[in-house]
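Notes to accompany the following structure.
The values are calculated or read from the model by the stated rules, or taken from the named source; none is laboratory data. These numbers were taken from a predicted model, which means no experiment stands behind them. Please note: Cβ atoms are built from the backbone with ideal geometry, for glycine as well, and neighbour counts cover all protein chains shown. The accessibility values were calculated without ligands, DNA or RNA, using every heavy atom of the protein model including side chains. Shrake-Rupley method; radii C 1.70, N 1.55, O 1.52, S 1.80 Å.
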Amino acid sequence: MLQGKTIVLGISGGIAAYKAATICSRLVQAGAQVRVVMTASATKFISPLTLQTLSRHPVYLDTFDEFDPSVVAHIDLADSADLMLIAPATANILGKMANGLADDMLSTTLLAATAPVIVAPAMNVHMYAHPAVERNMAVLAERGVRFVEPGTGLLACGYVGKGRLSEPEEIVLAVQQWFASKTELEGKSVVVTAGGTVERLDPVRFLTNDSSGKMGFAIAEAAANRGANVTLIAARTTAPQVEGFNVVHVESAEQMLEAVLERYDSADIVIKAAAVADYRPVVQASSKIKKNEERLTIELERTTDILKTLGERKSHQFLVGFAAETEQVERYAMDKLVRKNADLIVANDVSKDGAGFNVDTNVVQVFGAEGLVESLPMLHKREVADRLMSRIVQRMQARAAGEAAK
Ligand code: PMT
């Protein structure tokens, strides 16, 4: 599976550095070309000769060791990477990565690399829980760095807690899954909606909501990362622009409905993360409404429920809706799943801190026809999106296998 892939394995200085030998060996056995970079501290725990022997390549230790005068070593190494894997990653290297520091071969190569990065942290339980480390990891997650979470158990420092490097097998599996996921949705068309719709009262005033579009953008990115042909239909958003998919800008619920329907027949997956207005003004004034009266009454009418319309017209599509709830999450989510004929409903309790509108994280529960499918802890929206895509792919594969067996 890793045949022809170049993985740059960065080893930083913690006791778990010895486990990097097994990781290196397993990656080589799986067919990868492994180029190892060690920090000075890592060499106190494990000899570069071990990694050189296992990887069958020289180990990079110093930025100024320029073995080949025709290239600049750290740039050449960074450019060669299909994936950067940092295992173990200490609090120090996480801090350097988050803040763009480049004072040794590993941090300099990381700064020069455009390849995706997987990080397997390992450190003392209190260091792992330190706000500075948490903030650095959040910054890295925001940039798309993936984490193989440390395990809980007896740590080398004598403490029992979270911070132990994940097992080499799990880290290698995460690498293999990452490469496999790149093609999972090749040839599939995915339509995602994001942001808050805008319903105009007059040329300068409108009704909208707090949706930033971050959840929808993260989902579009996760689908594109799996090789899908993605169209994101975006209403009002403040999410940073991302490359790798088409963005169609719309304003109102009606425009979003049209844009989605235009693409529905050829779509394989539709994910409705947008916060769509349930009501719009009956009259849209063509000039600015004047403040002549003490009171102003605006009459609203229902918009079309896009998700419900899609559910009614569903043929082969896998349809995913969201549910923004503040109470009785399961009851309302299951009601939406049935009423709107969705395959999955992602419910977020928007009354919780760190969940829902306009924040970088979300806390979601995923519901299917059988009830609760999974309950995720507070995660960065990118991670939520990634796990949701994995769940969708898994369900689509099971459905295809079921149909093939008929
Ligand atoms: O954009 P962010 O700041 O990142 O925030 C993310 C989010 C909170 C907006 C997102 O996670 C979310 O919950 N989106 C759905 C919000 C919503 O409108 O929920 P709802 O429970 O009112 O609607 C249920 C489903 O029906 C949604 O999939 C919605 O897109 C859809 N709907 C609703 C009304 C309508 N007229 N047409 C629809 O398609």
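Against the chain, whose longest principal axis is taken from its Cα atoms, helix 381-405 shows a tilt of about 80°. 3J(HN,Hα) along region 287-304: 10, 4, 5, 8, 8, 8, 9, 5, 10, 10, 10, 10, 8, 10, 10, 5, 8, 6 Hz, from the Karplus curve 6.51 cos²θ - 1.76 cosθ + 1.60 with θ = phi - 60°, whole Hz, x for Gly and Pro.
Helix 131-142 and the long axis of the chain differ in direction by around 70°, with both axes built from C-alpha atoms. For the chain, the fraction of 1.4 Å probe accessible surface lying on carbon and sulfur atoms is 50 percent.
Can you give the Kirkwood hydrodynamic radius of the chain from its Cα pairs, in Å with one decimal? One over the average 1/r among Cα pairs gives 23.4 Å for the chain. Solvent exposure of Tyr159, expressed as accessible area, is near 110 Å², computed with a probe of 1.4 Å over the protein chains only. For Phe206, the solvent-accessible surface with a 1.4 Å probe is about 80 Å², rounded to the nearest 10. Listed by chain and number, the aspartates and glutamates whose alpha-carbon sits under 14 Å from that of Lys5, ignoring those within fewer than 8 places in the same chain, are Asp79, Asp82. Rounded to the nearest 20 debye, the dipole magnitude of the chain is 400 debye, with +1 charges on Lys and Arg beta carbons, -1 on Asp and Glu beta carbons, and the Cα centre as origin. Computed from the alpha carbon positions, the gyration tensor of region 280-324 leads to an equivalent ellipsoid with semi-axes of 37, 11, 8 Å, biggest first.
Ordering Thr197, Thr208 by accessible surface, largest first, gives Thr208, Thr197; the 1.4 Å probe counts only protein heavy atoms, with every chain in place. Pairing the Cα long axis of helix 253-264 with the longest principal axis of the chain, what angle in degrees results, from 0 to 90 and rounded to the nearest 10? Around 60 degrees separate the two axes. Just so you know, the Cα atoms of region 147-212 work out to an Rg and Dmax of 23.0, 66 Å. A simple charge model with +1 on the Cβ of Lys and Arg, -1 on the Cβ of Asp and Glu and nothing else charged puts the dipole of region 6-181 at about 500 debye relative to its Cα centre.
Across the options Leu319, Val282, Thr237, the greatest Cα extent toward the positive end of the charge dipole of the chain (unit charges at beta carbon of Lys, Arg, Asp, Glu) belongs to Leu319. Ordering Ser286, Ser252, Ser47, Ser351 by accessible surface, largest first, gives Ser286, Ser351, Ser47, Ser252; the 1.4 Å probe counts only protein heavy atoms, with every chain in place. A straight Cα-to-Cα reach below 16 Å connects Lys308 with the lysines Lys272, Lys336, Lys340, residues fewer than 8 places away in its own chain not being considered. Entry note, the chain: relative contact order of 11 percent, from Cα contacts under 8 Å with a spacing of 6+ residues. Computed with a 1.4 Å probe on the full set of protein chains, the accessible area for Ser287 sits at about 70 Å². Computed on protein heavy atoms with a 1.4 Å probe, the accessible areas place Cys157, Cys24 in the order Cys157, Cys24, largest first.
Contact order, relative form, for region 211-256: 39 percent (alpha carbon pairs under 8 Å, 6 or more residues apart, mean separation divided by residue count). Solvent exposure of the chain amounts to 48 Å² per residue of accessible area, where only protein heavy atoms count and the probe is 1.4 Å. Under 17 Å of direct C-alpha separation, and excluding same-chain neighbours fewer than eight residues apart, Lys290 reaches no lysines at all. Distances between placed amide hydrogens fall under 5 Å for Ala273 paired with Thr193, all partners being 5 or more residues away or on another chain.
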